[in-house]
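Structure, as structure tokens:
The values are calculated or read from the model by the stated rules, or taken from the named source; none is laboratory data. This is a predicted model, so every value here is computed, not measured. Positions of Cβ are generated from backbone atoms using ideal geometry, with glycine treated the same way; all protein chains shown enter the neighbour counts. When the accessible area is computed, the model is the full protein with side chains, heavy atoms only, and any ligands, DNA or RNA have been set aside. Shrake-Rupley method; radii C 1.70, N 1.55, O 1.52, S 1.80 Å.
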Amino acid sequence: MIVNDRDSSESYFGYSYQAHYILNYLDTIGAKTFLVEENYIDKDYLIDYSKFYARSFKPYERFTRRMHFFSSEFDANEFLHILNDKQSEIDALIHSYLGFVVIKPILNAADNPLIGRTALKPYPPEVDGDSRVFLTCSNSVSLYGIDLCVDSLRFQSQDIAVGACATTALWVTLQPLKDLFGTNLHSLAEITERSILFPSEFRNFPSVGLNLNQIITYIKSNGLDTECINLESGNDSEIRKDLVSDVVKAFMKSGYPLIATLRIERDDEPPDYHAIVISGYRCNQKGIVNELYIHDDQIGPYSRVTSNDGFLQWNNEWIQKFGYDKISIHKLLIPLYPKIRLSFFKMYAIFSQAREQNLSNGFLIDLFISQLNNYKKFLLGQDIKNKDKILITPLPKFLWIIRYSFNECFIKDIVYDGTSVFPTKLLEVNYNLHF
């Protein structure tokens, strides 16, 4: 066990861009102290080790290091003192927990260690009057008997031996999909093995990346289906400038992960394609999204993205640090339960019409998908008309909802059957207004 101040953690991370990003991110969220678990057994890495590295001529290590970060300051002696039944100090330690980073005993091409399974606290939910929404899951940790937890979306950098960017993006989506639909968790190597059931012209291992059909093959192998939003057009004017943010809000509000495929270009060079996971967004009081957050295996967790055209083209590290000239979003893939039969675009047509009709009224109108149990649990805590009648009304498991609000007060919900082929209005929920 090693305990030290945050500034001393750089020697463990190496000098990859992901390491540089994560260290800066830790400073942003207020990390003061880290604790290192040596010889940590990480399940994801151990599976990849058994499938690939254990059969290599070079002797690779089976164990990793797990680094825990805290906003409080303490040293090794103080931590040992805390372990001696100092419950109040244990509670303070739990409160200051910011998450963990696993360092693999594998080096990349530049001899820097790969960043393994990582879960770090997101940015604060409010900033400068704007609100932030993040895709998070509960990550429980036992540290020498102390139960710690951080709400975060897992991240790791790509390991080209067992899985490139698309494989890593799929891995990132698995934890929220497990919470939503009970999907099994897999390591990078296992994801690649399932994905290559759809053949390609390239080697399986080492991985050179997955194509779109292989990404979809993996998702469907888990008993799910996909909603594919095509955002590439010969003329950007053919695509609504608010479409990307509307899709993100529609699914992320209820915890659905979104995989984005990007077209990244340098002048006079053929374009490259890259896959990431959209992990959050920032919006102002008018509901306008002004920033996206992404998990990018080449950058880090909760990386900021800005745009001047509704996020059809992006500005982030790929332009600022990596020297690319243009990043455009190609497609959005949303893994869904097959029983969600009503597509986004069928609901989007109704939603867009409602929004246009109410522009002059100053209403904020949102479209989102929800599961029945979560929606009724939400309504139980709201002041709505005919609450008892609405709560006992039989409804399908999945719902599309168009919500009207004004000055942060809910006005009404129009509820549609998410399991229907065509839009079917089920009921209208009216909130008692308290302006």
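Before moving on, here are some points about what is shown:
- Computed over region 242-286, the P(r) curve from all C-alpha pair distances, binned at 10 Å from the origin, holds 22, 42, 24, 11, 1 percent per bin.
- Solvent accessible area, Å² - Tyr273, 1.4 Å probe, full protein context: 120
- Orientation-averaged projection of region 92-199 equals 10.0 nm² [convex hull of Cα atoms, one quarter of hull surface area].
- A straight line joining the Cα centroids of region 309-352 and region 37-53 runs 33 Å.
- Listed residues Leu180, Leu258 arranged by accessible area, highest first, probe 1.4 Å: Leu180, Leu258
- Rg/Rh for region 295-378 (Cα atoms only, Rh after Kirkwood) is 1.06.
- Per residue, the chain reaches -8000 deg cm²/dmol at 222 nm when only DSSP H runs of four or more residues are counted, each adding -39500 (n - 2.57).
- Computed E for Val421/Asn77 - FRET, C-beta separation, R0 51 angstrom, nearest 0.05: 0.20
- Helix 243-252 and the longest principal axis of the Cα set of the chain meet at an angle near 70°.
- Ratio of Rg to Rh over region 77-141 (Cα coordinates, Kirkwood Rh, two decimals): 1.11
- Counting only protein heavy atoms and a probe of 1.4 Å, the accessible surface of region 219-360 is 43% carbon and sulfur.
- Note on Lys389: accessible area approximately 140 square angstrom, rounded to 10, probe 1.4 Å, nucleic acids and ligands left out.
- Total charge dipole magnitude, the chain, about the Cα centre, Cβ charges on Lys, Arg, Asp, Glu only, Debye to nearest 20: 1620
- Relative intensity, log₁₀ I(q)/I(0), of region 242-362 from a Debye sum that treats every alpha carbon as a point, q = 0.12, 0.16, 0.21 Å⁻¹: -0.50, -0.83, -1.26
- Ligands, DNA and RNA left out, the 1.4 Å accessible surface of region 1-50 is 47% carbon and sulfur atoms.
- Highest mobility in the GNM of the chain, judged by mean-square fluctuation with C-alpha springs under 10 Å and restricted to His95, His81, His330, is found for His81.
- A probe of 1.4 angstrom, applied to the heavy atoms of all protein chains, finds Phe345 with accessible area near 90 square angstrom.
- Of the trypsin sites (Lys or Arg not before Pro) found in region 34-141, the ones in coil according to DSSP and having at most 15 other Cβ atoms within 10 Å of their Cβ are Arg62, Lys86.
- Average accessible area per residue (Å²) across region 13-82 - probe 1.4 Å, nucleic acids and ligands excluded: 52
- Electrostatic bookkeeping for Val101 treats Lys and Arg as +1 and Asp and Glu as -1; over the other residues with beta carbon under 10 Å from its beta carbon, the sum is +3.
- Mean projected area in nm² (Cα convex hull; one quarter of hull surface) for region 1-110: 7.8
- Alpha-carbon Debye profile of region 302-435, log10 I(q)/I(0) at 0.09, 0.20, 0.22 Å⁻¹: -0.38, -1.18, -1.29
- Sequence-distant aspartates and glutamates (8 or more away, or on other chains) whose Cα lies within less than 12 Å of Lys241: Asp309
- Distant alpha-carbon pairs in the chain (separation over 27 angstrom), percent: 57
- In region 46-85, the inverse of the mean reciprocal separation of distinct Cα atoms equals 13.6 Å; this is its Kirkwood hydrodynamic radius.
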